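Note sheet for the following structure.
The values are calculated or read from the model by the stated rules, or taken from the named source; none is laboratory data. From a predicted model like this one, the values you see are computed outputs, not experimental measurements. Every residue, glycine as well, gets a Cβ built from its backbone with ideal geometry; the counts of neighbours run over all protein chains shown. What goes into the accessible areas is simple: the full protein's heavy atoms, side chains included, and nothing from ligands, DNA or RNA. Shrake-Rupley method; radii C 1.70, N 1.55, O 1.52, S 1.80 Å.
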Amino acid sequence: MMSLFQETYDVIVVGGGHAGSEAAAAAANMGSSTLLVTMNLQNIAQMSCNPAMGGIAKGQIVREIDALGGYSGIVSDTSAIQFKMLNKSKGPAMWSPRVQSDRMKFAEDWRLMLEQTPNLDFYQDMVSGLLVEGERVVGVKTSLGIDIKAKTVVLTNGTFLNGLIHIGDKNFGGGRAGERAAKGITEQLVDLGFDAGRMKTGTPPRVDGRSLDYSKMIVQPGDENPEKFSYSDITKPLTKQRDCHMSYTSTEVHDFLREGFDRSPMFNGRIKSTGPRYCPSIEDKINRFADKDRHQLFVEPEGWNTVEVYVNGFSTSLPEEVQFKALRSVAGFENVKFFRPGYAIEYDYFPPTQLKHTLETKVIDGLYFAGQINGTTGYEEAASQGLMAGINAALKVQEREAFILNRSEAYIGVLIDDLITKGTEEPYRMFTSRAEYRTLLRQDNADLRLTPKSFELGLASEKRLKRMEEKHSSAEDFVSFFKETSVKPEDINPILESKDSALVKQSDKMFKVFSRPNITIDDMRKLDVVEAYVQDHGLDPEVIEQAEIQVKYSGYIEKERNNADKLNRLENIKIPENFDYSKITNMSFEAREKLNKIRPITISQASRISGVSPSDVSVLLVYMGR
C-alpha cells in the first residue's frame with residue numbers, strides 16, 4: 001500500500017495561523033523540506049480577532065520580522081486599507097506603525113506567498129498526537145490515522161487545544177467561531193511530563209456597516225503621508241485609505257450590560273482561566289473601572305469592499321441579546337444589525353519556562369512551541385515566535401548554531417527572554433515599557449539591527465542587505481554633513497526666530513543647531529545648502545528620518561548602548577548545562593528552586609529570574625570561580 005508521505009520531513013509545522021505561517025516560511029526558505037499541517041487550508045493566517053497589524057510595540061515586532069526575512073510586513077502592506085504611525089508626538093523610541101487590514105486579502109496574500117515558497121508542502125488534517133521515540137519527537141499522527149515522519153516539529157496550535165467557546169450561559173467546543181477544537185495533543189504532552197494550564201481570550205461582535213450612522217461618530221483617518229512596514233521595495237505606501245470611526249459607551253450602555261452580569265461566564269464561575277489584562281472585555285472594564293462613565297469604541301472596517309465592521313473595545317461573552325441591546329444604545333449604533341455576536345474562548349497553553357531560548361522544549365528534543373501555546377496574545381507576538389521557531393528547527397536539522405536574539409538586539413529577544421525566564425500566568429502582550437533598551441530597538445532601525453543576521457542565516461537576499469547598507473551609509477554621510485558644515489547667523493536666525501529658539505551670534509556647525517529639540521529636518525531643509533544636499537544625493541524619507549534621529553538622540557542612544565554592552569558582559573558568562581544548584585547552600589532556597597526549574601544559560605538570564613536576588617547572583621559567580 002502506497003503511503004501519502006514517503007519522505008521524512010526536516011520540519012513539520014502544526015497549525016496555519018500567524019505563528020505557523022511564519023514558521024513554515026522560515027524553515028522552507030532556509031532550505032529545509034517543510035510540511036504545514038492545518039485543520040483548514042482555507043483559513044491560513046486568518047485574522048481571528050481585529051483586522052489590524054502593528055500598534056504600540058507590536059509594530060516594531062512586525063518590522064523586525066520583515067528585517068529577518070519573514071512575510072508579515074509584506075502581507076501587512078499589500079492588504080492594508082489604512083496606515084498610522086502611533087505616538088508620533090513622543091520620541092522615536094515610542095513610534096509604532098499600525099495598519100488597518102483587509103481581512104480576506106490578508107489571508108489570501110499569505111496563502112499565495114506560502115504557495116510560492118519552495119520546499120513547502122501542505123496537508124489538511126487535524127494533528128491528534130506526536131510520534132515520540134525516547135525523548136525525541138520523530139513526527140506527528142493525524143486524526144485520519146496517518147503517521148508523518150519528521151526530524152523536528154513546531155506546534156503552533158493557537159486557541160484550538162481543547163478550545164471552549166462561551167456566549168452567555170451557552171458553551172461549546174471550538175478553536176474559533178465555526179471551527180472545531182483540537183483534541184489529544186494536550187493529554188499526550190502532559191503524559192510526557194509537560195505542565196499545562198488554561199487561558200482565555202475574547203472577541204467583539206461583527207456588525208453590518210450599512211446599519212450604522214457614521215455622522216454620529218468621530219472620523220479617524222489614516223496618516224496624511226502614510227509609510228509602510230516592509231523595508232523591501234516590493235511594496236509601496238498606500239495612495240488611498242479607508243477611514244475608521246470612534247464612538248463611546250455611556251452609563252445607559254453600562255446599565256444594559258450589567259443586566260446580563262449574572263449570566264456572564266466571567267462572573268458566574270464558568271470561565272476559570274485568566275484573560276488578557278491589557279485587552280479586557282467590556283464587562284470587565286465596567287466592573288474594574290466603575291467610576292468611568294464611558295469607554296472608547298473604535299469602529300473598524302474589515303476590508304476595502306465588505307460591509308462587515310469590527311467593534312474594537314466591545315469584546316464580550318455576555319448573552320447575545322444583552323450585547324445587542326447594549327450596542328443599540330451607542331451613538332451611531334441605534335439600528336445596528338449583527339453579523340455575529342462576541343464570544344470568549346478558553347484554551348490550553350504550556351507555561352513557557354519549559355522552553356529553551358530557541359523555543360525548543362526542554363522535555364522533548366526537536367519539539368518547538370510558538371504562539372498562544374506559550375501563553376502570548378496577539379498576531380505579532382505569535383508571528384515572531386513562529387519565525388524564530390522555524391529558523392531554529394531548520395538550523396537544528398542542518399546541525400548549525402542556534403539563532404538567539406538578546407534583549408538589546410530586538411523586541412523579539414525581549415519577548416522570548418521574558419517568556420522563558422519569567423513565564424506568564426496571563427496572556428502576554430508586548431509593550432515598549434518591557435524593553436529596557438527601547439531607544440536602541442526603534443521601528444526605524446530594525447533592518448540595520450537584524451538584516452545582516454538574516455543574510456547570514458540565508459533568509460535575507462543580497463539585494464536586501466545592499467539596500468540596508470546603502471541606507472546606513474547614506475544616513476551616516478548625511479549626519480557627517482551636519483557635523484562638518486557651518487551655518488552663518490544671517491542664514492539660520494530667521495528660522496530660529498520663527499521657532500522661538502535662541503538666535504546665534506556667530507557661525508556654528510549645523511549639527512549643534514539641528515540638535516535643538518524644537519528644530520526639525522523640515523526647518524533645516526529651508527537652508528539652500530541642506531536642500532541641495534538632499535536633492536543631489538537623492539535621499540529618500542527613510543534615510544532622512546534615520547539621520548534626524550541620529551542627530552537629535554545621539555546622546556541617549558550612546559548611553560543606552562553603553563548600558564547594553566555592560567549587561568552583555570554578563571550574557572557572555574555561560575552557566576554549565578548540568579550545573580548542580582543544590583550544592584550552593586548559602587543561596588536562598590527560592591533561588592535554588594527557580595534556577596533549577598528554569599535552567600538559565602547565562603548569568604544575565606539568571607539575574608532576571610523572579611526570586612533570584614543580586615546577592616544570589618554574587619554567590620553563583622563566586623561558586624563558578626568568577
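A few remarks follow.
- Out of Lys183, Lys151, Lys170, Lys88, sole residue that is open to solvent by 30 Å² or more (accessible area, probe 1.4 Å) and modelled with pLDDT of 95 or more: Lys151
- Within the range 451-471, tally of residues that are closer than 21 Å to Leu405 by Cα and part of a helix (DSSP H, G or I): 11
- The C-beta contact set for the range 603-626 (first residue at positive phi, second residue assigned to a helix (DSSP H, G or I) and open to solvent by 20 Å² or more (accessible area, probe 1.4 Å), distance under 6 angstrom, 6+ apart or interchain) comprises Gly611/Glu590; Gly611/Lys594.
- Residue in the range 108-123 that is in contact with a strand residue (DSSP E or B) (Cβ under 6 Å, 6 or more places away or on another chain), closer than 30 Å to Arg438 by Cβ and part of a strand (DSSP E or B) present: no
- A single entry from Val479, Val543, Val551, Val513 fulfils the requirement of being over 24 Å from Gln443 (Cα atoms), part of a helix (DSSP H, G or I), touching a residue at least 24 places away in the same chain (Cβ under 8 Å) and not polar (S, T, N, Q): Val513.
- Flag if Gly145 is of a type in the set (Gly, Ala, Ser) and buried (at least 16 other Cβ atoms within 10 Å of the Cβ): no
- Met94 vs. criteria more than 27 Å from Glu179 (Cα to Cα) and open to solvent by 20 Å² or more (accessible area, probe 1.4 Å): yes
- Matching residues in the range 304-336 - criterion: being under 26 Å from Thr377 (Cα atoms), more than 30 Å from the chain's Cα centre (by Cα) and open to solvent by 10 Å² or more (accessible area, probe 1.4 Å): Glu320
- Among (1) over 30 Å from Asp365 (Cα atoms); (2) touching a Gly at 6+ places or on another chain (Cβ under 8 Å) - the single one Ile185 does not satisfy: (1)
- Taken together, Ala446, Ala382, Ala410, Ala435 contain a single residue that is more than 22 Å from Asn568 (Cβ to Cβ), surrounded by 19 or more Cβ atoms within 10 Å (Cβ to Cβ) and of a type in the set (A, V, I, L, M), which is Ala382.
- Residue count for the range 547-606, restricted to those that are open to solvent by less than 40 Å² (accessible area, probe 1.4 Å), aliphatic (A, V, I, L, M) and in contact with a strand residue (DSSP E or B) (Cβ under 9 Å, 6 or more places away or on another chain): 3
- Among the conditions (1) open to solvent by 20 Å² or more (accessible area, probe 1.4 Å); (2) more than 18 Å from Phe324 (Cβ to Cβ); (3) in contact with a Pro (Cβ under 9 Å, 6 or more places away or on another chain), the only one that Asp223 does not satisfy is (3).
- Of the residues in the range 496-510, not one is open to solvent by less than 50 Å² (accessible area, probe 1.4 Å), modelled with pLDDT under 95, closer than 30 Å to Ser230 by Cβ and among the β-branched types (Val, Ile, Thr).
- Whichever residue in the range 363-385 is touching a strand residue (DSSP E or B) at 6+ places or on another chain (Cβ under 9 Å) and assigned to a loop (DSSP other than H, G, I, E, B) and, among such residues, is nearest to Ser273 (Cα to Cα): Gly375
- Scope the range 337-366; condition surrounded by 20 or more Cβ atoms within 10 Å (Cβ to Cβ), on the phi < 0 side of the Ramachandran plot and aliphatic (A, V, I, L, M); matching residues: Ala344, Ile345, Leu355, Ile364
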